[in-house]
1. To the nearest 20 debye, what is the magnitude of the charge dipole of region 1-75 about its Cα centre, counting +1 on the Cβ of each Lys and Arg and -1 on the Cβ of each Asp and Glu?
2. Projecting each Cα onto the charge dipole of the chain (Lys/Arg +1, Asp/Glu -1 at the beta carbon, about the Cα centre), which of 131, 37, 144 comes out farthest on the positive side?
3. Show me the ranking of peptides 78-88, 30-40 by mean Cβ neighbours inside 10 Å, starting with the highest.
4. Taking 0.36 nm per residue of separation and subtracting the Cα-Cα distance, what length does fully extending residue 2 through residue 94 add?
5. Return one number: the angle in degrees, 0 to 90 and rounded to the nearest 10, between the long axis of the Cα atoms of helix 166-177 and the longest principal axis of the Cα atoms of the chain.
6. Could you order the peptides 164-176, 4-16 from most to least packed, using the average number of other C-beta atoms within 10 Å per residue?
7. Full extension from residue 61 to residue 135: what is 0.36 nm times the residue separation minus their Cα-Cα distance, to one decimal in nm?
8. At 4 °C and a viscosity of 1.567 mPa s, what translational diffusion coefficient does Stokes-Einstein give for region 77-186, taking Rh as the Kirkwood radius over Cα pairs? Give it in µm²/s as a whole number.
Amino acid sequence: MALHNFTLVLSGVNSDTEGLEDALYGGKCDDALICFYGTSVYLEFDREATTLNIAIATAIRDIESAGINAQVEAVDSTLVGLSDIAELSQLSRQAIALLKDGNRGKGDFPNPVQRISGQSPLWSWAEVAEWLVSSGRMSADNVLVKNARNLEQWNLALRIRASKATEKVEEKVNFLEHPEQVFADC
């Protein structure tokens, strides 16, 4: 079995939740460090499992069955800024900025996906990691690269579940796949 490191962000609980630590440790989460950002709760796991998928799935199950109304909101960070990209890729922030601006490389660095007009745009780590591999700046064997799409898929599934609008999301995905069909809300 391999050791998998990942972070899960929780909702439904906060730093003041009575019995939080006991419930989580008693609920098979004794391989996690309970952390707080303000009153928000997140768990940093070092979980043994045959795959990352199994590690994440069992951690979500263990948290959500701990009896404290906790729900997993997100897994790891799939949106990254320039400093995050530099740290994850072990390149300098300046090198990443040059790649982003097209002053180095082919000029085809992935577009940001959030806060495009702001001072701190965010990129999909999965897209950037794949681009770094295709441009020869990271190895495809790097565990961060291998796990990037998987983590993005977990986050997407968690966000859809949290939205409570799964049916509407499915409608929009169907429209995107078949734009020739009339969209119900048009």
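We did not get these values from a lab; they are worked out from the coordinates using the rules stated. As the structure is a prediction and not an experimental result, all values here were calculated from the model. Here Cβ is always computed from backbone atoms with ideal geometry, including for glycine, and neighbour counts include all displayed protein chains.
1. On the way: 3 positive and 12 negative charges, 52 e Å.
Roughly 240 debye, rounded to the nearest 20.
2. Selected residue: 131.
3. Numbers: 78-88: 18.0, 30-40: 12.5.
Going by the mean number of other Cβ atoms within 10 Å, highest first, we get 78-88, 30-40.
4. Numbers: separation 92, 0.36 × 92 = 33.12 nm, distance 3.43 nm.
Separation in residues times 0.36 nm, less the Cα-Cα distance, equals 29.7 nm.
5. The angle comes out near 20 degrees.
6. Top of the packing list down: 4-16, 164-176.
7. Working: separation 74, 0.36 × 74 = 26.64 nm, distance 3.80 nm.
Contour length minus Cα-Cα distance gives 22.8 nm.
8. On the way: Rh = 15.7 Å.
So the translational diffusion coefficient is about 82 µm²/s.
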